[in-house]
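Let me begin by presenting the structure, written as structure tokens, before commenting on it.
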Amino acid sequence: MNTDLVVVGSGLFGLTVAERAAREMGLKVTMIDRRSHLGGNAYSENEERTGIEVHRYGAHLFHTSNERVWEYVNRFTAFTNYVHRVYTRHKGEVFPMPINLGTINQFFRAAYSPGEARDLIREQAGELAGTDPQNLNDKGIQLIGRPLYEAFIKHYTGKQWQTDPKDLPASIISRLPVRYTYDNRYFNDTHEGLPVDGYTAWLERMADHPNIDVRLDTDFFDDSQEFSKSNVVGQVPVVYTGPVDRYFDYAQGDLSWRTIDLEEEVLDIEDFQGTSVMNYPDEDVPFTRIHEFRHFHPERDYTKDATVIMREFSRFAEKGDEPYYPVNTQADREKLLAYRDLAKEESSVLFGGRLGTYKYLDMHMAIGSALSMVDNKIAPHFTSGAPLS
Ligand code: FAD
Ligand code: NA
């Protein structure tokens, strides 16, 4: 087999491994993906009619405080100065998110100082003081008090999980951030922005190296493929970033995931909502939020005749749906431990990324974790023959 390393999955984890292995270590890398494009869930494309860049698998905002990752990604793309902010539409009124002093004063028709607002929320949260909440609903009330919880969190969370928060475990949330300032910047990281010429240009540049052979529409579990599991495992080192339960043919059971459905619509108006993300926390609206993609790139000269919006619906994933967010029940955690043991025994395969580790990873985390895998496992193996895993 004329390759040194097989990378399964071309998301940011696989791309980072492939890029480092090819450019830094001079290895010949074959990277396969079952989709017809590379880039994994960060992939984007320009909507046909309007030319507006649309993130195909849900809105992706890049942010990081990791200097190594920031330096690394800037080799492939420059970033705009976009700063993410989210608003929420509750009972015919629009409030800033995450809950901050502006939200609180608008909601209570008041002009509280930070100290007064803190006292008020403490008093309202006191309703369940001294109790040990078992469900998410009680936990939410105990964290921020009933009025704010019921307006902005309760039904939003219920829609995300398709479950009444009274029937969800309290462990889903450990904290609900409330800011006692007017700062409604969504992320707190040192660096934030969007790739100047789009996600796909960035992702394609990472794979653009003579030692990287990208094979799309290629499923690792399709035995008719040259680089299938049955053909390569044991023959050549593999970095696998697909679902860990799928790798082992679900031998320990299925891990559970949430997925989202995105409904795209092109509207013949310049601007639908005046901002990139509007949450819908009320019970009578079936979707959780609406994205309007033109607002991610105010610096671009987009058409004024039309705009692209996407309504986002959230639900439990069935087999065949895209797995997006780990549900992470107690049963899932037990299965994951069993899969980790199996993964250790696969001595020529490293498992990584969001699906391979059953862990939600932001882009900067996927990249950081891939860089560590290269440093700690892949480089030692190829330079001094250390065992791969
Ligand atoms: P993925 O991007 O999922 O890539 C895995 C790849 O493996 C896929 O291309 C898949 O097709 C391929 N694959 C799977 N099985 C096989 C197989 N059998 N054979 C061949 N190929 C296979 N991060 C942020 O930093 N900011 C955000 O705002 C943000 N928003 C997000 C919104 C959503 C809805 C989701 C799901 C994620 C979001 N992320 C965000 C996270 C970001 O997408 C991840 O960091 C990234 O997906 C991790 O990269 P990965 O390579 O681990 O996985
Ligand atoms: Na292994």
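Every read-out reported here was derived from the displayed coordinates using simple, explicitly stated rules and does not represent laboratory data. These numbers come from a predicted model, not from an experiment. Heads up, the Cβs are rebuilt from the backbone with ideal geometry, glycines too, and the neighbour counts pull from every protein chain shown.
Charge dipole (Cα centre; +1 on Lys/Arg Cβ, -1 on Asp/Glu Cβ; no other charges) of the chain amounts to roughly 1000 debye. Residues whose amide H comes within less than 5 Å of that of ASP261, counting only those at least five positions distant or on another chain, are PHE313, SER314, ARG315 (H built at 1.01 Å from N in the peptide plane).
Checking the cross-link pairs LYS344/LYS377; LYS139/LYS166; LYS166/LYS335; LYS139/LYS159; LYS335/LYS359 against a 21 Å limit on the alpha carbon distance flags LYS166/LYS335 as lying beyond it.
Ordering TYR339, HIS295, TYR358 by the projection of their Cα atoms onto the charge dipole of the range 275-389, which places +1 on the Cβ of Lys and Arg and -1 on the Cβ of Asp and Glu, puts TYR339 at the extreme positive end. Among ASN188, ASN41, ASN211, the largest mean-square fluctuation in a Gaussian network model of the chain, built with springs joining Cα atoms closer than 10 Å, belongs to ASN188.
Amide H contacts of ARG215: MET31, ILE32, ASP33, each under 5 Å away and 5 or more positions distant or on a separate chain (H built 1.01 Å from N in the peptide plane; Pro and chain starts excluded).
Derived scalar couplings between HN and Hα for the range 381-389 equal 5, 7, 8, 10, x, 4, x, 5, 9 Hz in order, rounded to whole Hz, by the Karplus curve 6.51 cos²θ - 1.76 cosθ + 1.60 (θ = phi - 60°), x for Gly and Pro. The Cα trace of the range 239-389 gives Rg and Dmax of 20.5, 61 Å, the first to one decimal, the second as a whole number. Under 5 Å between amide hydrogens, built in the peptide plane, is the criterion, and for VAL54 it picks out GLU45, ASN46, GLU47 among residues at least 5 positions away or on other chains.
Fewest Cβ neighbours within 10 Å first, please rank TYR112, TYR247 accordingly. Spell out each step's value before the answer.
Working: TYR112 16, TYR247 24.
Listed from fewest to most nearby Cβ atoms, that is TYR112, TYR247.
Since only THR50, VAL94, PHE62 are under comparison, the one whose Cα sits farthest along the positive direction of the charge dipole of the range 36-126, derived from C-beta charges on Lys, Arg, Asp and Glu, is VAL94. Normalised Debye scattering of the range 18-141 at q = 0.12 Å⁻¹ gives log10 I(q)/I(0) of -0.84, counting only Cα atoms as equal scatterers and leaving out solvent.
Projecting the Cα atoms of GLN225, THR190, PRO243 onto the dipole axis of the range 170-259, where Lys and Arg carry +1 and Asp and Glu carry -1 at the beta carbon, places THR190 farthest toward the positive end. Add +1 for every Lys or Arg and -1 for every Asp or Glu among the other residues with Cβ under 14 Å from the Cβ of THR218, and state the total. For residues surrounding THR218, the net value is -3. As a rough footprinting exposure proxy, the listed residues ILE309, ILE367, ILE269, ILE52 were ranked by other beta carbons within 10 Å of their own, and the order from fewest upward is ILE269, ILE309, ILE52, ILE367. For the range 289-299, putting each phi into the Karplus relation 6.51 cos²θ - 1.76 cosθ + 1.60 with θ = phi - 60° gives couplings of 7, 10, 9, 10, 6, 4, 6, 6, 9, x, 7 Hz, in residue order, rounded to whole numbers and with x for Gly and Pro.
Give me TRP161, TRP202 sorted ascending by neighbouring Cβ count inside 10 Å, so fewest comes first. Ordered from fewest to most neighbouring Cβ atoms within 10 Å, TRP161, TRP202 come out as TRP161, TRP202.
Over all directions, what mean area does the Cα convex hull of the chain project, stated in square nanometres?
21.0 nm²
Cα centroid distance between the range 323-360 and the range 84-151, in Å? The range 323-360 and the range 84-151 have Cα centres separated by 36 Å.
Site pair GLU318 and ARG75 shows an inter-label distance of 4.4 nm when each label is modelled 7 Å from Cα along Cα→Cβ.
Simple point charges give the picture: +1 on the Cβ of Lys and Arg, -1 on the Cβ of Asp and Glu, and for the range 209-263 a dipole about the Cα centre of about 260 debye. Rounded to the nearest 20, the Cβ-based charge dipole of the range 118-230 about its Cα centre (Lys and Arg +1, Asp and Glu -1) stands at 780 debye.
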